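Since the structure comes first, as structure tokens, the remarks are kept for the end.
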Amino acid sequence: MRRLASVTCAIAMVVSASAAQAATISFNNVIGTWSLGDPAANVTYRNNSTQVASADWGGAFPTGSGYDFAGAAPPQIDVAVPPSPSATFDLGTFTHRNNPIPAGSSITGIRLTVTTDVFVDAVAQGSKNFVFDFTHFETPNGNDPCADGGALGVGINDNGCADRVTFNYNALSDSFQVVSTIYTVNLAGFLVGNTQVTDFWTREQANNSAVLRGQIVERSTIPEPA
């Protein structure tokens with residue numbers, strides 16, 4: 001009986017210690033900025049700290065294609081750590097305006113910097129920048145089958161072959177500290193309807209929107225880019 005009581009006490013102490021280290025991370029004023037589009041000559045930017053941040057290519061807005069990012073609206077985002085990775089949360093809305101454009105006028109990649117005020121248990125940590133590199137695959141519209149493996153003219157490829165958008169974490173992202181652990185923000189995926197994906201296939205001649213899902217991760221456990 002004494003040994004059982006000792007084990008029970010030890011478990012209670014571990015649970016208590018874990019609970020003591022838990023913290024609530026809050027994000028306020030989520031703002032996006034596009035930069036470093038590649039090729040640079042193809043891209044123009046409409047970044048505005050109070051509105052949607054946009055990057056355009058293949059023609060002047062609204063006839064060309066482009067990306068939009070709108071940071072998550074108030075109220076503030078609250079996320080508990082540990083564990084790592086944390087539960088996912090809505091960082092903002094990503095839109096690919098996918099229009100027919102002249103050959104050679106697209107991009108292959110671009111950077112999104114998400115700036116937000118960070119709080120740890122309501123204590124301000126300052127404004128932090130979290131950096132993500134997006135890869136853009138402008139597919140040939142008339143291939144059959146299309147790049148996603150589907151048939152031309154069917155489903156997501158009904159207006160021509162869908163394009164693909166993916167992302168990677170960038171080590172330039174800022175960090176914040178909770179007790180002795182260093183954390184940062186990574187992207188978990190695109191939430192399309194009720195499905196979370198890492199490859200976002202976007203319909204031609206349409207505005208394709210998805211929620212960018214973020215999560216808090218320990219800095220040392222971030223996987224290397226694929």
Do we find that A147 is open to solvent by 50 Å² or more (accessible area, probe 1.4 Å), within 26 Å of T63 (Cα to Cα), of a type outside the set (S, T, N, Q) and at pLDDT 95 or above in this structure? yes
Inside the range 40-81, the number of residues satisfying the requirement of being modelled with pLDDT under 95, within 18 Å of D163 (Cα to Cα) and of a type in the set (S, T, N, Q) is 1
Residue count, the range 171-192, condition part of a strand (DSSP E or B), crowded, with 18+ Cβ neighbours inside 10 Å and of a type in the set (S, T, N, Q), comes to 2
Practice task
Using the structure shown, decide if D133 is out of contact with any strand residue (DSSP E or B) (no Cβ under 7 Å at 6 or more places or on another chain), over 19 Å from G58 (Cα atoms) and acidic (D, E).
Solution key: no
| Does A122 satisfy being touching a residue at least 12 places away in the same chain (Cβ under 8 Å), of a type outside the set (S, T, Y) and at positive phi? | yes
The correct count of residues that are hydroxyl-bearing (S, T, Y) and over 14 Å from the mean Cα position of the chain (by Cα) in the range 90-115 is 3
Some residue of the range 193-209 being open to solvent by 50 Å² or more (accessible area, probe 1.4 Å), within 23 Å of F119 (Cβ to Cβ) and not in a strand (DSSP E or B) | no
Residue pairs within 8 Å by beta carbon, gap of at least six or interchain, first lying in the range 74-85 and under 14 Å from D117 (Cα atoms), second at pLDDT below 95 and among the small types (G, A, S), listed first then second, are none
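The values are calculated or read from the model by the stated rules, or taken from the named source; none is laboratory data. Everything numeric in this text was worked out from a predicted model, so none of it was measured. Glycine also receives a Cβ, built like all others from the backbone with ideal geometry; neighbour counts cover every protein chain displayed. Quick note on the areas: whole protein, heavy atoms, side chains included, nothing else; ligands and nucleic acids left out. Shrake-Rupley method; radii C 1.70, N 1.55, O 1.52, S 1.80 Å.
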